[in-house]
1. What are the extents of the Cα atoms of region 221-308 along their three principal axes, in Å, largest first?
2. Please state the shape class of region 89-218: rounded when a/c is under 1.5, otherwise prolate if a/b exceeds b/c and oblate if not, all from the C-alpha gyration tensor.
3. Jot down the radius of gyration and Dmax of region 178-277, Cα atoms only, both in angstrom.
4. Report, by chain and number, residues whose modeled amide H sits under 5 Å from the one on HIS218, excluding near sequence neighbours (fewer than 5 apart, same chain).
5. Of the listed peptides 158-164, 261-267, what is their order by residue-averaged count of other C-beta atoms within 10 Å, with the highest listed first?
6. Rank the residues VAL367, VAL108, VAL51 as a footprinting-exposure proxy: fewest other Cβ atoms within 10 Å of their Cβ go first.
7. Considering the Cα positions of region 260-341, please state its Rg to one decimal place and its Dmax as a whole number of Å.
8. Taking the Cα centroid of region 329-397 and of region 184-263, what is the distance between the two, rounded to the nearest whole Å?
Amino acid sequence: MKAEKKVEQEEEEAVKGGELLFCGATRRSAIGGRNVGNFVSLTRLRPLVGVNIRLVVSGCASFHCVALDKGQLGHGDTMQRDMPAVVSKLSQHTVVGAAAGRSHTVLVTKDGLSFSFGWNKHGQLGTEVESSPVHCLVSEVRTAACGADFSVWLTSVEGASILTAGLPQYGQLGHGTDNEYNTKSSSVRLAYEAQPCPKTLASLAGETIVKVACGTNHTVAVDSNGFVYTWGFGGYGRLGHREQKDEWIPRRVDIFTKHNVLPPDAIISAGSLNSACTAGGGQLYMWGKIKNAGDDWMYPKPLMDLSGWNIRCMDSGNTHHFVGAETSCISWGQSLSGELGYGPDEQKSSTNPKKVEILEGMHVISVACGFAHSLVVADRMNVGDLLDQFDVYDDKTSGKENSEKRKSKDSSELEEDKEKDSDDESDESDDGQAEQKMQRGGKTGRGRDNGALKLTPEKKSADGCCIDIVLV
């Protein structure tokens, strides 16, 4: 009963909305560089100052984001948006949920419809190729999630509570196959047949799936009984089954059974190389590749640094994590472009969870992590003038001449992406072949407990920045 009240409270907070803050890479070409044009501190965006943002969404393989207030960006073209832009074609619908893949977006409306837009090479849109929002072939949709090149929908349809579409290369669709075939009769050139039509997972037909999260090439789901299932790419132990084998159908994670099932208010998250969830007592568990150095966590283990914290929201990016808890915001991981939000005078990366000091004392409603960027929605209530300490980004270089230059550059980058995709029919993901090679020679033990000092929750007493944000 207590957990249900907490869920209701979180839903009310999400409806209320707050101020959106952004940090990290502002364009793909700047990732991992000298942070020129990137935001190493959390920054407000001029078009969204004062706008009540209820939810922010990105993905561990995404270079774009979605913000909810009351082609890839759904505007009917392929132009890059330097600042947040409203998707006008969705104005007649009330969007209540969203998910972002590497180059596609899926939205969920209040009346159970789902729309998608973006790159559809692998059928990840769940419909025909379109650059503007089109209706997905699913009904009674409750929520959705996206991996790099696949999509997952949760519905209210009995016996079909979860459906998937897109690239099946590592079994991430959960249908028992990777749809591999040889494209040439005279030599070996493997490809993977796309699945453009959303299909129900037969192995979970008897369960009601209530939560889902996607990594680059794997999926994490929770049923109404609190059991956790994972499937897809098994490298680094990200599936939590004490081995690195790919799973082509959902497999229950044995740690979360019997007396350790997930409560109704549990939070789940999936990064590129790892997975996470909160279990009994709000304890955060993680598994997979947690740190650059040391053994991988081949099965779920409690992250003791965050024991005792009341975690409200969490998300994982390519190599970093963000958590909203109490009146604090905590981040950690490897920073490529300032996505941890520590600021220019602080450390760039952090192996262990560390408070984002500029957010201390603020109530965080929602967090989202992209490939190398992060977004936070902070409640404006009872913060006084704390929001005034954040810089406000206003694109003063968005004149016609500059816009044309960017449009030309974006077109070139798009052509390069298409050429790259056509050259590589297997379309290995960012952590595909290279990652598998690392696994063969890397450590695959069960991992070591984090011996760092535990965080204690406090008691109550740029020129050329290009930020792709869809506002719906």
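Here, each number is a calculation from the coordinates, and none is a lab measurement. Quick caveat: nothing in here was measured; it's all calculated off a predicted structure. Cβ sites come from the backbone with ideal geometry, for glycine too, and all protein chains shown count toward neighbours.
1. Principal extents (Cα only, largest first): 32, 29, 19 Å.
2. Details: a/c = 2.34, a/b = 1.43, b/c = 1.64.
Oblate shape, in that a/c is at least 1.5 and b/c is the bigger or equal ratio.
3. My reading of the Cα-based Rg and Dmax gives 15.6, 55 Å.
4. Long-range HN contacts for HIS218: PHE233.
5. Values: 158-164: 21.0, 261-267: 18.6.
Put in order of decreasing packing, that is 158-164, 261-267.
6. Working: VAL367 26, VAL108 23, VAL51 16.
Fewest to most other Cβ atoms nearby, the residues stand as VAL51, VAL108, VAL367.
7. 12.3, 37
8. Comparing the Cα centres of region 329-397 and region 184-263, I get a distance of 31 Å.
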